[in-house]
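Remarks on the structure that follows.
None of the figures in this text is laboratory data; all of them are computed from the coordinates on show. All figures in this text were calculated on a predicted structure; none of them were measured in a lab. Positions of Cβ are generated from backbone atoms using ideal geometry, with glycine treated the same way; all protein chains shown enter the neighbour counts.
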Amino acid sequence: MEKKRFYITTPIYYPSAKLHIGHAYCTVLTDIFARYKRLRGFECYFLTGADEHGQKIEKNALAAGKTPQQFVDEIVEGFHKLWKLLDISNDDFIRTTQDRHVKVVQDIFTKMYNKGDIYLGKYQGWYCTPCESFWTDTQVGPEHLCPDCGRPVQVAEEEAYFFKTQKYVDALLKFYDENPKFLTPESRKNEMINTFIKPGLDDLCVSRTSFSWGVPIRENEKHVVYVWLDALTNYITALGYDSDHPELFNKFWQDPECETIHILGADITRFHAIYWPMFLESLGLRKPDREFVHGLLMMKDSKMSKSKGNVVDPYPLVEHFGLDAVRYYLAREIIFGQDGSFSPEQFVERVNSDLANSLGNLLNRTVSMINKYFGGVIPAYKGCVTSFDGNLESVAKETVKQYEFLMDDLKITEAISMVNELVNRANKYIDETTPWALAKDESKQEELASVMNHLANSIYIAGMLLKPVLTRASDKLFEQLGVTGDLLKYENVYNFGCIENVTVNKGEQLFPRLDATIEVPFIQDLMNGNK
Ligand SMILES: [Zn+2]
């Protein structure tokens, strides 16, 4: 059963450094889904934000000669700039240093503590005395060296609060069983069970005393809340959980008529899929309907990393190629849910094949022909005159159905690929129907008019289905087709033939063809940090 409302979130990003294309990827894909739901007329609430506490921020701020708050304020300013650049349509932006979050996290801690789900114990880890930092096994490696200063670390203990995970394991497994769609891709669920739950889950450390940049615990002033209890709860504090204004929380979280979806990266799956449902169970709240784990965006053959010199800065990419090309590439090239790689060659190839040669060219040819043969007015729809018309029309109708089915299931890449097939089909239709030949034959005028109408309607549908991705170009496409007013409403995609008797406006090519010999080296330079 389809739900009435949608709540969709990205992870809150950590402002210890500038965001890169990997963050842009996750946020753009989430934005596409939110825009799709809104386009279809559903109520949708889209949240992103910043995870601003922790030792790393405290240290980086100190090194930069700033207070942690000043430090994160500056970086978060950059988040807002980037989301503006990428046309991200989030409804809210939560910062974990905001009062609305801090107070509620303190309340949540108190509730769990009073319920006996949190207790005071001892945290044991690798400690670097000069850095005053605890590190994990992975961080110190086999040599047991501090990842920050390189000195040997020692095993040390500090007092800390813990969340009783064992109390909620059975409930979690039951929840997994009853909600097979909760975690996607499904392989992630098996990984959670076999790698983390079955071997025995340790209680989760939820406080620290070795740094102070965090949410202070009311019960014990030496402690601040540690990472996940602070970070994950942003999804409900932003909606006003436990506040004087719980309207959004009731509407977009607790109401079963709302589908709640978290989009996240693989590195934080464990926390979202295991601890987050446990926290919610402890608080007696509804759990999210879906957690969708997107793949890693790699640079060529390796994981993106600054030291390897293969990070792509989204700014020059968007400035040079335009936002639509970048959004389209991210959504179309890398299958949402699988790992993928960014390569300059593929970028240029994808923009040329799908946008310049297929969609842009189809629009351009069609508008030119309507100008030439019909004085710029799209001929009226008179059903299907030839079997070519019937075939294109049925492909277009089927595309709408498939697209919605795939998008609703977050299969964004496959959905866009369906639209691209429609565009290719329409281009082939021009070759099949040979309008230039029909134009020369007085007896074929009806056929020619039908071809122009079918082309215009197919382009219109493609433009509408791509609107969540191509936030700028789809409007230009509609303008060139002469589509205005009520015809801009999504529901027209169910009414093939509705685009008729309107005047087209010849405009610029939506997507100029890229010259690979120039553009590939341009992107390579970006990746090597030469620009
Ligand atoms: Zn150290």
**OP:** Do me a favour and compute the ellipsoid semi-axes for the range 127-167 from its Cα gyration tensor, root of five times each eigenvalue, largest one first, whole Å.
**Re:** 24, 12, 7
**OP:** Compute the distribution of all C-alpha to C-alpha distances in the range 1-154, in bins of 10 Å from 0, and list the percent of pairs in each, rounded to whole numbers.
**Re:** 9, 25, 30, 25, 9, 2
**OP:** Per DSSP H run of at least 4 residues, take -39500 (n - 2.57); add these up for the chain, divide by its residues and hand me the 222 nm value, nearest 500 deg cm²/dmol.
**Re:** -13000 deg cm²/dmol
**OP:** Quick one: compute the contact order of the chain, relative version, from alpha carbon pairs under 8 angstrom and 6+ residues apart, as a percent.
**Re:** 16
**OP:** Classify the range 58-108 as rounded, prolate or oblate, taking a ≥ b ≥ c as the square roots of the eigenvalues of its Cα gyration tensor: rounded when a/c is under 1.5, otherwise prolate if a/b is larger than b/c and oblate if not.
**Re:** oblate
Original post:
Could the peptides 367-378, 252-263 be put in order, highest first, of the mean number of other beta-carbon atoms found within 10 Å of their residues?
Top reply: 252-263, 367-378
Original post:
When the Cα atoms of the range 352-494 are enclosed in a convex hull and the volume is divided per residue, what value in Å³ results?
Top reply: 102
Original post:
How far is it, in nm, from the label point at S443 to the one at E77 when both lie 7 Å from their Cα along the line to the Cβ?
Top reply: 7.4
Original post:
Counting only Cα, what are the radius of gyration and maximum Cα-Cα distance Dmax of the chain, in Å?
Top reply: 26.7, 91
Subject >> Stokes-Einstein diffusion coefficient of the range 195-241, Kirkwood radius over Cα pairs, 20 °C, 1.002 mPa s, in µm²/s >> reply: 174
Subject >> Cα-centred dipole magnitude for the range 1-70, charges only on beta-carbon of K, R (+1) and D, E (-1), debye, nearest 20 >> reply: 240
Original post:
Packing-wise, with mean Cβ within 10 Å as the measure, how do 45-58, 194-207 rank, highest first?
Top reply: 45-58, 194-207
Original post:
So what is the relative contact order for the range 352-494, in percent, with contacts set as C-alpha pairs under 8 Å and at least six apart?
Top reply: 32
Original post:
In terms of the Cα gyration tensor, with a ≥ b ≥ c the square roots of its eigenvalues, is the range 10-63 rounded because a/c is under 1.5, prolate because a/b exceeds b/c, or oblate?
Top reply: prolate
Original post:
Hey, what D do you get for the range 409-477 in µm²/s if you plug the Kirkwood alpha-carbon radius into Stokes-Einstein at 20 °C and 1.002 mPa s?
Top reply: 160
**OP:** Would you please give the FRET efficiency between K66 and K401, computed as 1/(1 + (r/R0)^6) with r the Cβ-Cβ distance and R0 = 45 Å, to the nearest 0.05?
**Re:** 0.25
**OP:** Past 28 Å, Cα to Cα, is the threshold; run K3/K476; K59/K198; K103/K287 against it and keep the listed order.
**Re:** K3/K476; K59/K198
